[in-house]
Amino acid sequence: MAKLPMKRVEIYGLKTRRKAILEALQRFGVLEPVSEDLSEMGFEKTDTAKSAATFAKAEDTLKSAIEVLDKYSPEKVPLLSMLSGKKTLSVSEYYNTVDNAGRALDIARELNELSKRNYELEADIAKCEGAIISLESWSGLDIPMNFRGTKKTAALIGTFPEPKTEADLLKGLSEALGADAADDPLYAADVTVLHSETRFSNVCVFCRREKRNEIESALRNMGFAKPQYVTKRPPLEEKARLSEQIADDKKRIESNKKRIETQSKHRDLLKFMVDYYAMRIEKYETLGDINQRDKFFVIYGYAPEKYCARLEDELTRKYDAAVEIRDAGEDEEPPVLLHNNPFSEPVESVLETYSMPGKFEIDPTFIMSLFYYFLFGMMLSDAGYGLLMIVGCAFLVLRFPDMAPGTKKALKMFFWCGISTFIWGLLFGGFFGDAVQVISRTFFDHEIKIPALWFEPIKDPMRMLIFAFAVGIVHLFAGLGIKFYQMVKDGDIKGAIYDVVFWYLLVGGGIAYLLSMQMFVDMTGLGFKLPPIGGKIAAVCAGIGALGIILFAGRSSKNPAKRVAKGLYELYGVTSYLSDILSYSRLLALGLATGVIAQVFNQMGSMFGGGVFGAICFTLVFVIGHALNMAINLLGAYVHTNRLQFVEFFGKFYEGGGKKFTPFTANTKYYKFKEEN
């Protein structure tokens, strides 16, 4: 368990070399700059927001172009390509690509424009198709829909929101215009119903021009309205024109698609330029945060000690910079970079999820990893599931060596968890539940059983529960042990005795005293009992621990009464130890859940009997059932193992609060750059 030592790095360089130095620092990826205000010393900062915004706009253009290519010319990639990681480019390859990347933005703009045109053409097609549908009911009209009549006649073309007949319309007009109009030839109207159905009717009415307003008003009172789509041509001609327009739009869309497909050969260039502009954005944001004067600039930051010599050599030799490296001051808070052995390193991400260790705290990753794998395996505890995890994770890690570091860490963690699960499965006799026993009995009429190397929790749950509590006690005491070590390391010997040793005596003595009680031994089914003298010694130890907590837990208070009162309050905290120990019953619960559900699926599969049909049904139930069981209980084991670490274990010693080391580097999406030696 270790934190890499950090050094304070101060870089002084000529202002004309600042961009080149920043690019080098970005490629090295070992320095985390810190912002400090040196305006009182005559330094100032450059406003780079406008430049960064320009680069961001270019980046968005390129990203949109890649989305266009993915839509019209999808890239054929293997199923697990997401695990392949980023393609590696050397610095020389990087600069060669940059030199040949002048057309990238022009290509991106063209792709975006072609996509925009296609979007507009598709919208036009949808509009035309909607118009054709609306014209279907006007096929019987042989004049333009916007026809208003001749010099002496008026044409009224429209719809009614209900079915109408010509007789209905003539009768309605007669009633609306009155008895006098019925005998007046000037009010005569020619009514044609072009289409009628449940929801509407399309009609065409001809009348004398001088009576147009009166007849139209009467029709409107009956529900008459202009059609939504009015054409300058007869409907059949308009439909033909719209169909031709749709065909033309589709040809143009197809032509644009082909043009887009021909540009897919530039996909890698566009991806590179997305990363290039992302790096430039970061560089200019950092550039705007460094202190500079007329001729020179300074950069302050932190870097791991093991990289400092190489960093100093590169900057002084290639860029004529002055580099000062020193230890961080007492008032400085350097970032934290964890460094552990291959066994414990995968669990660093779990610790980071909670909090990084503080400046004076040790890194608990190694101790945590031992318990993490141990507890995870107990909760899943099936050799078959463990074997699948081992093989699957090992295959992916070996097959894709360049995968993202976070993904690789997660797979390695589940690899070790798989080994633990496999071992616990052998100890508890679980291999896909009781699959071997059920398969042999169902299909071979001869039962074969894999015996548990220790015991079967399903048959002896009390034994498993006691063991889970014992594991919890060891886990909690290990946390107290780390606290003891930390306090001694910091020189607080008395605090280590008061805050750790007394709790060891109280809790440990109380547990030992219970083991000397016959009632407790009978209730738990333990096969041993401490002798009476052991119980007396345990009781004395518990009493000493309780007294020590009462007297010294509140030692910060000078008032004796307050000191004792605070000590009594702290002594009440012994109940939290009881609840913490009880929390480890989840080891029993999750272990039983995995085994019981697995056995249920095995029994369900065997219900179809032997033979070919039974084998097929059993296989389907087995694969689906165990996949679901493994997924659910693997998630449960992960969540509850984290909880036992975060709440019970860390609660005894860990404060955290450190800041993770986040170096100035190339945070790219598609490529990573390797600095050449």
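For the reader, a short list of remarks on this structure follows.
- Taken over the stretch 42-79, the criterion of being closer than 23 Å to GLU254 by Cα and of a type in the set (A, V, I, L, M) is satisfied by LEU62, ALA65, ILE66, VAL68, LEU69.
- Residue in the stretch 631-646 that is hydroxyl-bearing (Ser, Thr, Tyr) and in contact with a Phe, Trp or Tyr (Cβ under 6 Å, 6 or more places away or on another chain) present: yes
- Boolean, LYS86 is of a type in the set (D, E, K, R) and within 29 Å of LEU396 (Cβ to Cβ): yes
Residues checked against (1) of a type in the set (Lys, Arg); (2) over 29 Å from SER217 (Cβ atoms); (3) in contact with a Ser or Thr (Cβ under 8 Å, 6 or more places away or on another chain); (4) not assigned by TED's automatic domain parsing to the domain that holds VAL203:
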position	(1), (2), (3), (4)
GLU122	no, yes, no, yes
SER134	no, no, no, yes
THR153	no, no, no, no
LEU156	no, no, no, no
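- When PHE601, PHE649, PHE664 are screened for being buried (at least 20 other Cβ atoms within 10 Å of the Cβ), touching a Leu at 6+ places or on another chain (Cβ under 6 Å) and either in contact (Cβ under 8 Å) with a residue 24 or more places away in the chain or part of a helix (DSSP H, G or I) (or both), only PHE664 passes.
- Residues located in the stretch 348-404, provided they are surrounded by 18 or more Cβ atoms within 10 Å (Cβ to Cβ) and hydroxyl-bearing (Ser, Thr, Tyr): SER355, THR365, SER369, TYR372, TYR373, SER381, TYR385
- In the condition set (1) of a type outside the set (Lys, Arg); (2) buried (at least 17 other Cβ atoms within 10 Å of the Cβ); (3) without any contact (Cβ under 8 Å) to a residue 60 or more places away in the chain, VAL68 is compliant with all but (3).
- Residue match in the stretch 328-341 (condition: without any contact (Cβ under 8 Å) to a residue 60 or more places away in the chain and under 34 Å from the mean Cα position of the chain (by Cα)): yes
- Considering each residue of the stretch 442-452 in turn, at least one proves to be in a loop (DSSP other than H, G, I, E, B), out of contact with any helix residue (DSSP H, G or I) (no Cβ under 7 Å at 6 or more places or on another chain) and surrounded by fewer than 17 Cβ atoms within 10 Å (Cβ to Cβ).
- Residue identified as aliphatic (A, V, I, L, M) and exposed (fewer than 14 other Cβ atoms within 10 Å of the Cβ) among LEU114, LEU80: LEU80
- Qualifying position, being of a type in the set (Asp, Glu) and either outside the structural domain of LEU25 (by TED's automatic domain parsing) or closer than 30 Å to ILE143 by Cβ (or both), among GLU305, GLU244: GLU244
- If the condition is being out of contact with any Asp or Glu (no Cβ under 8 Å at 6 or more places or on another chain) and either over 15 Å from ALA155 (Cβ atoms) or not assigned by TED's automatic domain parsing to the domain that holds ALA188 (or both), then the stretch 213-225 contributes GLU214, SER217, ALA218, ARG220, ASN221, MET222, ALA225.
- GLU40 vs. criteria loosely packed, with under 14 Cβ neighbours inside 10 Å, among the acidic types (Asp, Glu) and within 26 Å of the chain's Cα centre (by Cα): no
- LYS409 meets each of the listed conditions (1) touching a helix residue (DSSP H, G or I) at 6+ places or on another chain (Cβ under 7 Å); (2) part of a loop (DSSP other than H, G, I, E, B) apart from (2).
- Residue, farthest from GLU23 (Cα to Cα), within the stretch 278-307, restricted to residues that are of a type in the set (Ser, Thr, Tyr) and crowded, with 22+ Cβ neighbours inside 10 Å: TYR302
- Positions within the stretch 211-240 being free of Cβ contacts under 8 Å to residues at least 12 places away in the same chain, within 18 Å of GLY140 (Cβ to Cβ) and charged (D, E, K, R), in sequence order: GLU237
- When PRO74 is tested against (1) modelled with pLDDT of 85 or more; (2) part of a helix (DSSP H, G or I), only condition (2) is not met.
- 3 or more residues under 34 Å from the mean Cα position of the chain (by Cα): qualifying helices (runs of 4 or more DSSP H) within the stretch 89-187: 91-99, 104-135
- Selection within the stretch 489-503: residues that are out of contact with any Gly (no Cβ under 9 Å at 6 or more places or on another chain) and of a type in the set (A, V, I, L, M, F, W, C). The member of this set that is surrounded by the most Cβ atoms within 10 Å (Cβ to Cβ) is ALA496.
- Top-ranked residue of the stretch 88-99 - restricted to ones that are exposed (fewer than 15 other Cβ atoms within 10 Å of the Cβ) and in contact (Cβ under 8 Å) with a residue 12 or more places away in the chain, ranked as nearest to SER64 (Cα to Cα): VAL98
- Looking only at the stretch 206-226, and only at residues there that are closer than 11 Å to PHE160 by Cβ and buried (at least 18 other Cβ atoms within 10 Å of the Cβ), the one that is nearest to the chain's Cα centre (by Cα): PHE224
- Meets criteria (in contact with a strand residue (DSSP E or B) (Cβ under 7 Å, 6 or more places away or on another chain), charged (D, E, K, R) and either surrounded by 18 or more Cβ atoms within 10 Å (Cβ to Cβ) or under 27 Å from GLU237 (Cα atoms) (or both)) for GLU166: yes
- Selection status of LYS489, modelled with pLDDT of 90 or more, within 18 Å of PHE653 (Cα to Cα) and not β-branched (Val, Ile, Thr): yes
- Positions within the stretch 43-55 being crowded, with 16+ Cβ neighbours inside 10 Å and more than 11 Å from GLY288 (Cβ to Cβ), in sequence order: PHE43, PHE55
- Contacts under 6 angstrom Cβ, first residue in the stretch 523-551 being surrounded by 15 or more Cβ atoms within 10 Å (Cβ to Cβ), partner of a type in the set (Asp, Glu), 6 or more apart: ILE549/GLU570
- Selected residue (only one of LEU396, LEU387 is hydrophobic (A, V, I, L, M, F, W, C) and either assigned by TED's automatic domain parsing to the domain that holds SER35 or under 22 Å from GLY636 (Cα atoms) (or both)): LEU387
- Test: residue in the stretch 522-531 that is among the β-branched types (Val, Ile, Thr) and at pLDDT 85 or above: no
- Subset of the stretch 14-27 [in contact (Cβ under 8 Å) with a residue 40 or more places away in the chain, part of a helix (DSSP H, G or I) and farther than 15 Å from THR668 by Cβ]: LYS15, ARG17, ARG18, LYS19, ALA20, ILE21, LEU22, ALA24, LEU25
The values are calculated or read from the model by the stated rules, or taken from the named source; none is laboratory data. Being a predicted model, the structure only gives us computed values, none of them experimental. Note that we place each Cβ from the backbone using ideal geometry, even for glycine, and neighbour counts take in every protein chain shown.
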